[in-house]
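What follows is a set of notes on a single structure, which appears directly below.
The values are calculated or read from the model by the stated rules, or taken from the named source; none is laboratory data. Nothing here was measured: the structure is a model prediction, and the numbers come from that model. Cβ: placed from backbone, ideal geometry, glycine included. Neighbour counts: every protein chain shown. Heads up: the accessible areas ignore ligands, DNA and RNA and are worked out on the full protein's heavy atoms, side chains in. Shrake-Rupley method; radii C 1.70, N 1.55, O 1.52, S 1.80 Å.
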Amino acid sequence: MSKALEGVRVLDFTHVQSGPSCTQLLAWFGADVIKVERPGVGDATRAQLRDIPGVDSLYFTMLNHNKRSVTLDTKNQKGKEVLERLIKQCDVMVENFAPGALDRMGFTWERIQELNPKMVLASVKGFGPGPYEDCKVYENVAQCTGGSASTTGFDDGPPMVTGAQIGDSGTGLHLALGVVTALYQAKVTGKGQKVLAPMQDAVLNLCRVKLRDQQRLERTGTMKEYPQYSNGKFGDTVPRAGNASGGGQPGWILKCKGWEADSNAYIYFITQAAVWAPICKIIGKDEWIDDPEYATPEARLPKLESIFATIEEWTKTKTKFEAMDILNKFDIPCGPILSMKEIAYEPSLRATGTIVEVDHPERGKYLTVGNPIKLSGSPTEVTRSPLLGEHTDEVLAQLGYSAEDIAAMRAEKAI
Ligand SMILES: CC(C)(COP(=O)(O)OP(=O)(O)OC[C@H]1O[C@@H](n2cnc3c(N)ncnc32)[C@H](O)[C@@H]1OP(=O)(O)O)[C@@H](O)C(=O)NCCC(=O)NCCS
């Protein structure tokens, strides 16, 4: 079966996580992704958080599947010439260097357009134009400046970052959409363009509902679905809402059987209005069904803390999986808190290719997250990440260099 992006060539000048997560998606959709790395060193993540000495880390392997690796010193004259040939022959160039690094290397947008007017140049930067545009940025800086940290955690605790890499992989996803959109437009206009996904903006996009809440708070001074509603402690900005879910469908994380010993023996429980009667019956509170103090979502809002405490008395008598089975029979939305260990061995995720076992010549078998986006006409096969410079000769030959040229460049340490 063909692949959606077959025939698209991507010059992957990315490192760490945000850029590589974007180009990995493009590779999974069938693009030929050529990763350009510094000779002898490569992407810094190859050596970061290593679990096997001298072997590419899981950090690197899990973000660079289905790519080819070329080593090239792009500050060396010969290396620059190779990069120019690559620019001429690729449709997309993706980079996430510090602001200005590509210009300092001599590859300004003007120069890239001279070389290839159809080029789509896609960049991740920490910030868009503004006071912080020259700053280097990593994941948690983006979470903190994009509105996630100030709205995550509990009211009486400090701001919190989340375990989900919304700043890095979240921005990579945004960038990938920008790339395919620009490629689509280039089909009509015949011209490339720049695509910019600032990490702050990507995180803020994912925190959209919190900007909604800021405006609601400014207009009304309160928000009934927040835990602060019952004790009246709102300030002038969106507070941290703990584990609350919004709107007329309040939710909370509740202890399940075994919580004393197992830090993940919990379930997320949503008291969706439509299933209030079955909830009351399951927890043995039939009288709440018609009691005006509990019967409507509006009446329940000021009492959520005590309502969830009562529901928890029931969830504590069941394991999270038993509770899930019982509650789902009545369409009560809930979700067990799954540990990474439970997720790693979940058969349904293996069956769909969302968790995949990959074989690597140096590290052996390891697990990775496969393509989470499923296209019925473009299936994804996850292949291992390349070794440093594994495809240098192959790619240079495709660019028209002879074996002698390649040997000379190697002697000069340009590759
Ligand atoms: C992630 C980040 C903080 C890392 O910073 P860093 O390790 O100092 O790396 P830089 O991007 O500054 O690049 C370092 C240098 O390597 C050079 N370099 C990279 N690849 C090269 C190659 N193949 N050949 C020669 N030089 C190369 C760059 O040109 C740059 O040189 P310069 O500083 O002289 O201009 C920074 O790249 C950044 O802010 N990126 C944008 C935001 C981002 O993506 N952050 C998320 C990362 S998950």
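Quick notes on this one:
- The residues of region 251-332 expose on average 52 square angstrom of accessible surface per residue, using a 1.4 Å probe on protein heavy atoms.
- Prolate/oblate/rounded call for region 251-332, Cα gyration tensor, a/c under 1.5 rounded: prolate
- Gyration tensor verdict on the chain (Cα atoms; rounded if a/c is under 1.5, prolate if a/b is larger than b/c, oblate otherwise): prolate
- Residue of L72, L196, L375 that the Gaussian network model of the chain assigns the largest fluctuation, springs spanning Cα pairs under 10 Å: L375
- Cα gyration tensor shape for region 331-392, rounded if a/c is under 1.5, else prolate or oblate: oblate
- Here the spin labels are modelled as points 7 Å beyond Cα on the Cα-Cβ line, and at E412 and K118 they lie 2.9 nm apart.
- Between K80 and S306, full extension at 0.36 nm per residue minus the direct alpha carbon distance yields a gain of 74.7 nm.
- Between L338 and Q214, the modelled labels are 3.4 nm apart [label points 7 Å from Cα along Cα→Cβ].
- Proximal lysines relative to K329, as straight alpha-carbon distance under 23 Å, when same-chain residues fewer than 8 apart are discounted: K255, K257, K281, K285, K316, K318, K320
- Once the C-beta distance of D393 and D51 is scaled by a Förster radius of 30 Å, the resulting FRET efficiency is 0.50 to the nearest 0.05.
- Antiparallel %, DSSP beta bridges [both residues in the chain], to 5: 40
- Residue of P39, P117, P292 that the Gaussian network model of the chain assigns the largest fluctuation, springs spanning Cα pairs under 10 Å: P292
- Solvent-accessible heavy-atom area per residue, rounded to whole Å², over region 115-179 at 1.4 Å: 48
- Listed by chain and number, the lysines whose C-alpha is less than 30 Å from the C-alpha of K80, apart from same-chain residues fewer than 8 away, are K35, K67, K88, K118, K125, K136, K187, K191, K194, K413.
- For region 254-271, 3J(HN,Hα) computed residue by residue from phi via the Karplus equation (6.51, -1.76, 1.60; θ = phi - 60°) reads 10, 5, 10, 3, x, 4, 4, 9, 10, 5, 10, 7, 9, 9, 8, 10, 10, 8 Hz, glycine and proline entered as x.
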